[in-house]
Amino acid sequence: SLGNGKMLLTYIADATDRTAVNRSVLMYHIYDGNSWSVAQPVLNDATADFEPYVYADGNGGAHIIWQNCNSILESDVTLDEMSAAMELYYTYWNGTAFVNTTAITNNNTNYEMAHKVVSSGNNITVVWQQNSANDVFALEGTNSVYRKQFINGVWQNVETIASGLSVVTSLDTSYVESNNVIAYTTKTNTDDSDISDM
């Protein structure tokens with residue numbers, strides 16, 4: 001719900017005019033109170049999209065964060081290569097169109113996931129988990145938690161919130177009295193046979 005009688009629907013669809021490994025595309029519909037609009041891509045850059053997360057601002061707008069490949073993938077791409085090519089992208093639905101579309105990450109080496117976006121007034125916070133081994137299950141390698149904020153009209157530098165974590169099972173963010181807070185669950189040791197230390 002966009003808070004003004006309208007709704008925004010986002011989903012991953014199959015772009016049949018693309019090669020097999022690039023066919024996932026982030027689409028959207030707007031419900032105006034009477035009917036749904038025709039489906040259209042959020043960003044049609046011919047690269048694969050995955051896992052959108054939407055945060056409505058309550059004033060008719062919505063922030064979206066999703067995984068977007070930074071290049072068109074070759075047909076023989078491996079899962080590790082695809083994971084490394086994933087970047088987080090942000091855009092804002094202003095009630096009429098998507099604006100301020102930007103790449104939140106640009107490292108081409110590590111897999112970003114578990115992303116969330118939240119806003120308070122004109123401030124925006126994006127948080128995510130990053131895996132050093134490009135493991136989509138985040139069991140190999142180590143995991144880190146990062147934050148990037150939009151403050152006073154400018155995207156700030158990426159901040160490391162925590163690093164060297166063996167596993168992260170949940171991650172979320174919110175604002176409390178205009179202050180951004182982050183919560184995540186992790187293990188305090190590397191013994192994966194026991195989860196009592198979460």
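Ordered by 1.4 Å accessible area with all protein chains kept, Tyr53, Tyr146 run largest first as Tyr53, Tyr146. In terms of accessible area, using a 1.4 Å probe and ignoring ligands and nucleic acids, Trp66, Trp155 rank largest first as Trp155, Trp66. What the stretch 16-98 shows is 48 Å² of accessible area per residue, with the surface traced by a 1.4 Å probe over protein heavy atoms. Across Phe137, Phe150, the residue with the most accessible area heads the list, and the full order at a 1.4 Å probe is Phe137, Phe150. Computed from backbone phi, the HN-Hα couplings of the stretch 106-116 come to 7, 10, 6, 10, 10, 7, 9, 7, 6, 6, 9 Hz, rounded to whole numbers (Karplus: 6.51 cos²θ - 1.76 cosθ + 1.60, θ = phi - 60°; Gly and Pro given as x). Computed with every protein chain present, the accessible area of Lys148 is close to 30 Å² [probe 1.4 Å]. Counted residue by residue at 0.36 nm each, then reduced by the alpha carbon distance between them, the extension gain from Ile151 to Ala39 reaches 37.1 nm.
A crude spin-label estimate for the pair Val21 and Val99, with each label 7 Å from Cα along the Cβ direction, gives 3.8 nm.
Using a probe of 1.4 Å, the accessible surface attributed to Ile72 totals some 100 Å² when neighbouring protein chains are kept in position. 3J(HN,Hα) couplings calculated from phi for the stretch 65-82 with the Karplus curve 6.51 cos²θ - 1.76 cosθ + 1.60 (θ = phi - 60°) are, in sequence order, 10, 7, 7, 9, 5, 8, 7, 6, 7, 6, 5, 9, 4, 8, 4, 4, 5, 5 Hz; Gly and Pro show x. Label point of Ser71 set 7 angstrom out along Cα-Cβ; within the stretch 102-122, amide nitrogens under 20 Å from it belong to 103-112.
Roughly to the nearest percent, how much of the accessible area of the stretch 51-198 is carbon and sulfur, given a 1.4 Å probe?
Values: 3380 of 7420 Å².
About 46 percent, which is the carbon plus sulfur part of the accessible surface.
Please find the FRET efficiency linking Asp197 to Ala133, where r is the Cβ-Cβ separation and R0 is fixed at 22 Å, and quote it to the nearest 0.05. Could the numbers behind the result be given before it?
Numbers: r = 21 Å, r/R0 = 0.97.
Between Asp197 and Ala133 the formula returns 0.55.
Note on His29 and Ser120: with the Förster distance fixed at 35 Å, the Cβ-Cβ geometry gives a FRET efficiency of about 0.80.
So what's the gap between the Cα centers of the stretch 35-52 and the stretch 142-198, to the nearest angstrom? Going from one Cα centre to the other spans 28 Å.
The values are calculated or read from the model by the stated rules, or taken from the named source; none is laboratory data. Just so it is clear, the structure is predicted and the values come from calculations on it, not from any experiment. Note that we place each Cβ from the backbone using ideal geometry, even for glycine, and neighbour counts take in every protein chain shown. Note: areas computed on protein heavy atoms with side chains; ligands, DNA, RNA excluded. Shrake-Rupley method; radii C 1.70, N 1.55, O 1.52, S 1.80 Å.
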